[in-house]
Each structure stands twice: as C-alpha cells, then as structure tokens.
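Enquirer: Mind having a look at this structure? Questions to follow.
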Amino acid sequence: MTRYVALLRGINLGAHRRIAMADLRALAADLGYTDVATHLQSGNVVLSAPDEDPAHVAERIRDAIHRETGMDVPTVVRTADRLRAAVAANPLDVPDPARFLVLFCSGSLDVAGLRALDLSDLPEERLAVTATEAYTDHRRGVRHAKVPDIVARHADGFLTGRNWRTVLRLVEMAKG
C-alpha cells in the first residue's frame, strides 16, 4: 500500500464551494481508499491505496467530487515519499511557517523562466522552484502575495498552495 496526499484547490474558502471533511472522507472511502484522514477544512486528504499513478488518484477524486457535488475541484496528489522529498528540496529558510507557501503543480513548472524572473520590485517576497513545486516566502503575509500568481503563469497545469506548517503536518499524517 502507498500513502498519498490529495490537495484540493479552492474549497471551503468562503461561503461557496463548501465540502464537509466527513463527506470528503466518505467519498474517498467509497472509492476504495483506506486509512483516510483529513486535515483542516481546506481540502487536505491523506489516504492509502495499492500503487497507483498519483495523477489517476487525483482524477478519481476530482471526478467523484464532481458527481457528488457538481463542483469541479482541481486536485493535486503526491505520494508520501514525494511530499517528504518536496520538504527536503526546499532551498529557502522558513522564518514564519504561516507566511511560507509551497505551491504544488499538477503538471510541470517552467523552471528556467521562473529562475530568470526579476523580482526586485517585490523585495518582501522570495521564490525558489523545482520541476513541480515552488517555494514562496511572503514577509507581508500571504494575503498580499504577488508571486503565486506569477508562478501560475509559468505552470503547465494548475497550482494549489499550502503553508509550511500544513505541509509538515501532512508529511506527519502520511507516515501512517
């Protein structure tokens, strides 16, 4: 069995696009996934399944949510090992975990294009990238962040972000 972490984009952020975490756990269990757990209300699901392509897990979850709720919820899935590797690959220091995001891409990132960007007009934000994750630090807070939108324009796929504290908690939960 492999542990997976599913990251749902854009749910439970306001009055719309609401999904109860109990419903999300039941949905994943109905798909045959086991050891299903959720973290927070923003669409973080940890589950176990026989070895499966993470993109297939994401597609199954997204399709099931659409069938059940009518909402199209982009979903990124990482294996527990790959999530741990993403944490280990972070080249930036994390002065404030609440103001530090990891942006997970469903496809790939234009690493060369992102590294070539001149962000000198955004001195309170920092960026580092790998092929499928971007690490961003926002001294003024995530609410004022400009870099995630810039990263999204260099993505082959969609992004969903989690703050550093949530990423570390998901790594812990994925240990089983």
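Rule-based calculations on the coordinates, nothing more; no lab input. Being a predicted model, the structure only gives us computed values, none of them experimental. For neighbour counting, all protein chains shown are included, and Cβ atoms are generated from backbone atoms with ideal geometry for every residue, glycine included.
Enquirer: Working out 0.36 nm times the residue gap between Ala26 and His56, then minus their Cα-Cα distance, what length gain in nm do you get to one decimal?
Expert: Working it through step by step, the gained length comes to 8.9 nm.
Enquirer: Please build a GNM for the chain, connecting alpha carbons under 10 Å apart, and tell me which residue among Pro74, Pro148, Pro50 fluctuates the most.
Expert: Of Pro74, Pro148, Pro50, the most mobile in the Gaussian network model is Pro50.
Enquirer: How many nm separate the modelled label positions at Thr34 and Ala88, each set 7 Å beyond the Cα in the direction of the Cβ?
Expert: A separation of 2.7 nm, rounded to one decimal place.
Enquirer: For the chain, give the magnitude of the charge dipole about the Cα centre (Cβ charges: +1 Lys/Arg, -1 Asp/Glu; no others), in debye to the nearest 20. Don't jump to the answer; show the numbers that get you there.
Expert: Details: 23 positive and 23 negative charges, 100 e Å.
Magnitude of the dipole: close to 480 debye.
Enquirer: Now, a different point. Under 5 Å between amide H atoms, partner at least 5 residues away or on a different chain: which partners does Ile19 have, H built in plane at 1.01 Å?
Expert: Close amide H contacts, sequence-distant or interchain: Asn12.
Enquirer: Explain nothing, just compute: Karplus ³J(HN,Hα) = 6.51 cos²θ - 1.76 cosθ + 1.60, θ = phi - 60°, for every residue of the stretch 29-39 in order, whole Hz, x for Gly and Pro.
Expert: Each residue of the stretch 29-39 in turn: 5, 5, 7, x, 7, 10, 6, 7, 9, 10, 10 Hz.
Enquirer: Does anything in the stretch 62-98 have its amide N under 12 Å from the 7 Å Cα→Cβ label point of Thr2, and if so which residues?
Expert: 77-83
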